[in-house]
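The values are calculated or read from the model by the stated rules, or taken from the named source; none is laboratory data. Owing to the predicted nature of the structure, the values given are computational and were not obtained by experimental measurement. All Cβ positions, glycine included, derive from the backbone under ideal geometry; neighbour counts span all protein chains shown. What goes into the accessible areas is simple: the full protein's heavy atoms, side chains included, and nothing from ligands, DNA or RNA. Shrake-Rupley method; radii C 1.70, N 1.55, O 1.52, S 1.80 Å.
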Amino acid sequence: MKDVQTLTQEEAAAELAQLAIDLSAANRAYHQNDAPEISDADYDALKRRNAEIEAQFPELKRTDSPTDKVGAEPASGFQKITHSVPMLSLGNAFDDGDVTEFDRSIRKYLGFGDEDPLAYTAEPKIDGLSLSLRYENGQLIHAATRGDGTTGENVTSNARTIADIPAHIPNAPDLLEIRGEVYMSHADFEALNTRQSETGDKTFANPRNAAAGSLRQLDARITESRPLCFFAYAWGSLSAPLGETQSGAIQQLKNFGFQINELTKTCNGPVEMIEHYRDIETKRATLGYDIDGVVYKVDDLALQARLGFRSTTPRWAIAHKFPAELAWTRLETIDIQVGRTGALSPVARLQPVTVGGVIVSNATLHNEDYIAGLGGDGSKIRGGKDIREGDWVQVYRAGDVIPKVADVDLTKRPKTAMPYVFPTVCHECGSDAIRDDGDAIRRCTGGLICPAQAIEKLKHFVSRAAFDIEGLGAKQVEQFLEDGWIKEPADIFELRARFGAGLQQLKNREGWGEKSAENLFDAIDERRTIEFHRFLFGLGIRHLGEAAAKDLARNFADWETLADTADRAALEPATTDASKDAAAQSPAWATFLEIDGIGRALTQSLVAALAQDHERAVIDRLVAHLTILPPEDQASDSPVAGKTVVFTGTLEKMTRAEAKARAEALGAKVSGSVSAKTDLLVAGPGAGSKAKKATDLGIETIDEDGWIALIDGL
Ligand code: IVH
């Protein structure tokens, strides 16, 4: 190897390019495939060489430089970018009724009558992957994938290779963030797969996978060799508005030089929207690229702003999906999986079959009633036909959801096929598996003594929306659990103390070296400080999903307050309704139920989990290692952040639902009754006893215009 000092510029550039490839291959082998191809010492030597060349030739440092990869495992080797405005997903409509309901709920929210005009845009939903492009003073600064919606991967050098993405926009506002879909045409997909198989390389199952695989290349030259396209359809941060309407803004995107979808149409209400949907559906096969539905968006951007967002989806848009794709195949066996909450989930193992371009070999069977041919309410489904091992079944998949079994062909049922007997004992730990009244799911009662539950809980704990510890994925969790190094989340935070001094033990394990162990400990340390909602979600409590975790985090000052409220709720009679009497009887319960998005099932499961000694001890031991950050207050500079607000009387410029959602989005807590805890009363005409009580208690009271002025521009 040549001394760095003697390298020519050209040699240095070539070597850096090769190092970037070799190091990313090593990273991939190690982190993604869990199959290291080079020793840690060799890996470290490559990194050192890379750093030395970069020090000598700083101007040659690559945008995908391995030096910039932070932590043990930049999940896939890319740097991360935090989106200035989250990249959300869309709610779904599956039939015409859902579309009418979408329009109805928007009218209700805005206080619009049936006759008030309300326009929508309707455009194809491109089946690719979304990308956010940031332009500053007209120059493309970076490109990021959606990731988890908050943080994505930096794929700037890759995006620069896509012809549909301008590197420079002369007439752009100072700050312009464009969002859209990267996709691959059918023709390019076929050609790519032919090339790949000729060269013995991996082929792709469908254009979407091909587009994703091509964009997410650590070597941008590979992306460049793949024909990717881009449609622009949305935006993030802007220094100047793009227009007054969605359709106007889209035209503006076209003026900037982006491709926009020519099948975008402005429609006056659901009838026209559905008509356009049907039209697009008939054109679908000849478009030359994959679409999986039609997206409807409220056209007026001021109304979009009023409608705002739920935790993960906008209120002003919805995706009307095309019907699911179907295929018939043989169901070979039924397996039972034990989830983190002990649920026994039956899975159909299928003879692999292509459903809408994707190979399917597993399908969910939901629960034992479903297998027996019974629906949630005990009535017959599939005409009462049960599902048996050996059956010929119809499989369907809609969008990204797990494939399901739609039907059984009884004429093809083998004579030997017997009705499926659902286990009543957990095969993982031998504990009884029981079904509570009214619950369709049979659950293992083993709790954390059940290895399957323990492992699933831990995997959930480290998952992306929870603690997201780089370098500690499902594989590593399994390994550590097997070795007895971790049993519960708190153990993860003790790993350094246990192994830090004598790294030897971890180092001797296959796949671990001093460097990677050190990186892992660093990544764990980073997560000792954790956002409240990630912590809550990570607990893996039944019904406590990501959205509910965010709702809870927004409404409790900290973990102690939440736990305390749950402890008090455990001593109260559970409320069965939301009436005032019930709230008076069970104030702690009411505290949970008053939160938009928090229901009885979740409250019950949360209260029960925290009241269980063992589970609580596990949580307390975890909490001892953590600094839990209060909810990220995007609204901390809002004058109502953290305040308790009550609305009363008639609101004339917005509906109650809108006022409440807006106040909550600005960090306020909205309550239905005035008490000493109330900070602000917004009283419209006809306000009665609440206004009087507020005056008596000396609580600040304003009218609707006062409220609008208060939150103006936020
Ligand atoms: S609008 C606030 N329009 O669908 C949400 N999304 O299921 C803005 N997608 O993540 C999204 N075509 O990747 C929008 N014409 C279109 C789309 C589209 C495809 C994707 C996008 C999004 C996903 C949501």
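Couple of notes before you dig in:
- When LEU238 is tested against (1) touching a Leu at 6+ places or on another chain (Cβ under 7 Å); (2) within 11 Å of the ligand (Cβ to nearest atom), exactly one condition is not met: (2).
- Residue within region 348-355 that is over 20 Å from ARG179 (Cβ atoms), open to solvent by less than 20 Å² (accessible area, probe 1.4 Å) and polar (S, T, N, Q) present: no
- Matching entry among ALA635, ALA661, ALA609 (being in contact with a Leu (Cβ under 9 Å, 6 or more places away or on another chain), modelled with pLDDT under 85, closer than 20 Å to ALA549 by Cα and open to solvent by less than 40 Å² (accessible area, probe 1.4 Å)): ALA635
- Filtered by the rule that a residue be closer than 14 Å to LEU110 by Cβ and within 12 Å of the ligand (Cβ to nearest atom), region 294-313 gives VAL298, GLN304, LEU307, GLY308.
- Positions within region 142-200 being among the polar types (S, T, N, Q), within 25 Å of ASP290 (Cβ to Cβ), open to solvent by less than 20 Å² (accessible area, probe 1.4 Å) and assigned to a helix (DSSP H, G or I), in sequence order: ASN158
- Pair list, Cβ < 6 Å and 6+ apart or interchain, from region 638-667 residues that are within 19 Å of ASP712 (Cβ to Cβ) to residues that are assigned to a loop (DSSP other than H, G, I, E, B) and acidic (Asp, Glu): ALA641/ASP633; LYS643/ASP679; GLY667/ASP633
- GLY97 being more than 16 Å from the ligand (Cβ to nearest atom), assigned to a helix (DSSP H, G or I) and either surrounded by 17 or more Cβ atoms within 10 Å (Cβ to Cβ) or free of Cβ contacts under 8 Å to residues at least 12 places away in the same chain (or both): yes
- Residue list for region 668-682, filter: open to solvent by less than 20 Å² (accessible area, probe 1.4 Å) and more than 15 Å from THR591 (Cβ to Cβ): ALA668, VAL674, LEU680, LEU681, VAL682
- Test: residue in region 155-166 that is small (Gly, Ala, Ser), in contact with a Gly (Cβ under 6 Å, 6 or more places away or on another chain) and more than 16 Å from the ligand (Cβ to nearest atom): no
- Of all residues in region 113-123, those satisfying the criterion of being in a strand (DSSP E or B) and more than 7 Å from the ligand (Cβ to nearest atom) are TYR120, THR121, ALA122.
Results for (1) in a helix (DSSP H, G or I); (2) closer than 29 Å to THR245 by Cβ, shown as yes or no for each residue.
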residue: ASN50; (1), (2): yes, no
residue: GLU59; (1), (2): yes, no
residue: GLY77; (1), (2): no, no
residue: ASN92; (1), (2): no, yes
residue: PHE102; (1), (2): yes, yes
residue: LYS108; (1), (2): yes, yes
residue: LYS125; (1), (2): no, yes
residue: LEU131; (1), (2): no, yes
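- The test for being free of Cβ contacts under 8 Å to residues at least 12 places away in the same chain and either among the β-branched types (Val, Ile, Thr) or buried (at least 16 other Cβ atoms within 10 Å of the Cβ) (or both) holds for GLY545.
- All of (1) on the phi > 0 side of the Ramachandran plot; (2) modelled with pLDDT of 95 or more; (3) within 13 Å of the ligand (Cβ to nearest atom) hold for GLU177 with one exception: (1).
- Per the listing VAL294, VAL347, VAL360, the residue uniquely at pLDDT below 90 and either aromatic (Phe, Trp, Tyr) or not in a loop (DSSP other than H, G, I, E, B) (or both) is VAL360.
- Residue within region 9-18 that is modelled with pLDDT under 85, assigned to a helix (DSSP H, G or I) and either touching a Ser or Thr at 6+ places or on another chain (Cβ under 9 Å) or on the phi > 0 side of the Ramachandran plot (or both) present: no
- Restricting the first member to region 129-140 and to residues that are at negative phi, and the second to residues that are more than 16 Å from the ligand (Cβ to nearest atom) and not in a strand (DSSP E or B), the beta-carbon pairs closer than 6 Å and six or more apart or on different chains are TYR135/ILE169; TYR135/ALA172; LEU140/ALA167.
- Taking residues in region 292-307 that are in contact (Cβ under 8 Å) with a residue 60 or more places away in the chain and open to solvent by 20 Å² or more (accessible area, probe 1.4 Å), and partners anywhere that are acidic (Asp, Glu) and more than 13 Å from the ligand (Cβ to nearest atom), the pairs with Cβ atoms closer than 7 Å and at least 6 places apart or on different chains are LEU301/GLU244; ARG306/GLU658.
- Residues (crowded, with 18+ Cβ neighbours inside 10 Å, within 15 Å of the ligand (Cβ to nearest atom), of a type outside the set (S, T, N, Q) and in contact (Cβ under 8 Å) with a residue 60 or more places away in the chain) located in region 241-264: ILE250, LEU253, PHE258
- Which numbered condition ARG226 misses (of (1) outside any helix (DSSP H, G or I); (2) closer than 27 Å to ALA122 by Cα): (2)
- Residue check: SER76 meets all listed conditions (1) among the small types (Gly, Ala, Ser); (2) modelled with pLDDT under 60; (3) open to solvent by 50 Å² or more (accessible area, probe 1.4 Å) but one, namely (3).
- When LEU228 is tested against the conditions (1) within 22 Å of the chain's Cα centre (by Cα); (2) crowded, with 21+ Cβ neighbours inside 10 Å, the lone failure is (1).
- Among residues that are out of contact with any helix residue (DSSP H, G or I) (no Cβ under 8 Å at 6 or more places or on another chain) and open to solvent by 70 Å² or more (accessible area, probe 1.4 Å), HIS366 is not included.
- The residue of region 277-291 that is least open to solvent (accessible area, probe 1.4 Å), among those that are of a type in the set (A, V, I, L, M, F, W, C), outside any loop (DSSP other than H, G, I, E, B) and more than 10 Å from the ligand (Cβ to nearest atom), is ILE280.
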